[in-house]
Amino acid sequence: MVIPEEIAKTADDIRSMRIRGASMIAVAGLEAMRNAADDIYGESKSPRAFLDGVREAEKVLLGTRPTAVALPNALSFLDNSLDRNLSEGASKEELRKILKESVAQFIERVTEASRRIADLAMPLIPANSAAITHCHSSAAVSVMKKAAAGGLLRTVYVTETRPLYQGRITAKELKDSGASVKFITDSAAGFYMKDSDVMIVGADAIAMNGGLVNKIGTFQMATLAKQLNKRVLVAAETYKIATKASTGVDVPIEFRGSEEVYEQDPALIGSPEILNPAFDITPARLIDSIVTEIGVMAEPEREVPAMAKKAGLLPSRQVF
Ligand code: RUB
């Protein structure tokens with residue numbers, strides 16, 4: 001099958017990070033599938049061929065960024081419902097309709113989850129408090145906005161998040177939240193951790209033992225938070241659970257290009273090897289709570305499998 005243009009374009013946008021953040025990647029991937037559905041339909045001669053075409057397109061999207069699990073979980077949701085209906089004898093027209101409905105259903109779940117996470121996180125934010133956050137997470141931002149609007153959060157320290165500066169997006173989104181936003185370098189996290197009550201971040205993947213995979217630097221900030229007796233709160237929709245990853249080590253960590261770290265002539269700095277891991281792993285023992293849309297895990301080391309089951313997560317097409 002010729003890969004529909006919509007799929008190729010979205011894959012490129014994700015790879016180059018014009019579209020980024022786990023949930024936004026999942027939503028964009030699903031929207032691309034919906035927009036490509038008519039092309040795939042037109043090219044396939046049977047319901048089986050339609051599903052095969054869908055899978056080819058999914059494969060292109062899945063090959064973009066290896067770490068975040070929201071997109072594989074979203075595509076599994078889509079794929080599982082097509083597969084089930086195909087085996088029950090659905091026609092090609094019906095499968096196309098089911099695809100579009102499943103996309104709408106999952107996108108609705110994304111929006112609703114973020115709202116529910118914010119609700120469930122409120123009792124965990126101390127009154128008149130200061131938070132510190134890293135990178136840009138739509139789920140973490142929804143928690144901080146609600147806490148600020150409710151008068152709980154007075155200050156938010158936002159790390160700039162080198163090398164791609166996603167902290168700038170967070171700072172902008174919190175601008176009118178009601179909290180005072182302080183934008184700091186990543187290296188200043190220790191300096192301001194002592195003035196923070198809680199660290200609030202999102203998740204790219206949650207392993208079955210509660211290990212958190214998130215933007216590079218999360219691990220060192222969580223370590224610091226624990227050293228200074230600060231609380232670590234993770235805002236994560238259940239579709240961030242990587243059911244096939246027993247621990248965070250099973251999640252492939254994306255390494256990105258050296259030019260993101262240093263653009264000039266490498267000789268000027270002695271031509272070192274430049275390493276650019278995009279994510280790191282924070283063990284569950286450093287995390288106080290993982291807030292999902294269907295409940296809070298206060299002991300993530302042992303609660304993730306039950307939460308995945310409760311969320312109805314089906315076997316995923318993710319490769320790890
Ligand atoms: C983004 C990042 C975010 C998670 C969660 O990394 O690490 O914390 O994706 O985001 P990148 P959300 O910028 O490399 O994609 O809560 O929006 O799903």
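None of the figures in this text is laboratory data; all of them are computed from the coordinates on show. Given the structure is predicted, the values throughout are model-derived calculations rather than measurements. Ideal geometry is used to build each Cβ from the backbone, glycine not excepted, and the neighbour counts take in all protein chains shown.
Just in the stretch 1-105: which chymotrypsin sites (Phe, Trp or Tyr not before Pro) are loop by DSSP and have at most 13 other Cβ atoms within 10 Å?
Counting only loop positions with at most 13 other Cβ atoms within 10 Å, none of the chymotrypsin sites (Phe, Trp or Tyr not before Pro) in the stretch 1-105 qualifies.
Give me the distance in nm between label points sitting 7 Å out from Cα along the Cα-to-Cβ direction at Asp12 and Ala49, one decimal.
Between Asp12 and Ala49, the simple spin-label model gives 2.8 nm.
Taking the stretch 1-155 as the region of interest, what is the percent of Cα-Cα pairs per 5 angstrom bin, listed from the shortest bin to the one with the maximum distance?
Pair shares across the bins are 2, 9, 18, 17, 15, 11, 9, 7, 5, 4, 2, 1, 0.
For the chain, just list the percent of Cα-Cα distances falling in each 10 Å bin from zero outward, please.
In order of increasing distance, the bins hold 6, 26, 32, 22, 10, 3, 0 percent.
Normalised by the residues of the chain, what does the relative contact order come to in percent, with Cα pairs under 8 Å and at least six apart?
Dividing the mean separation by the residue count of the chain yields 18 percent.
I'd like the orientation of helix 5-15 relative to the chain: the angle between its Cα long axis and the longest Cα principal axis, in ° from 0 to 90, rounded to 10.
The angle comes out near 20 degrees.
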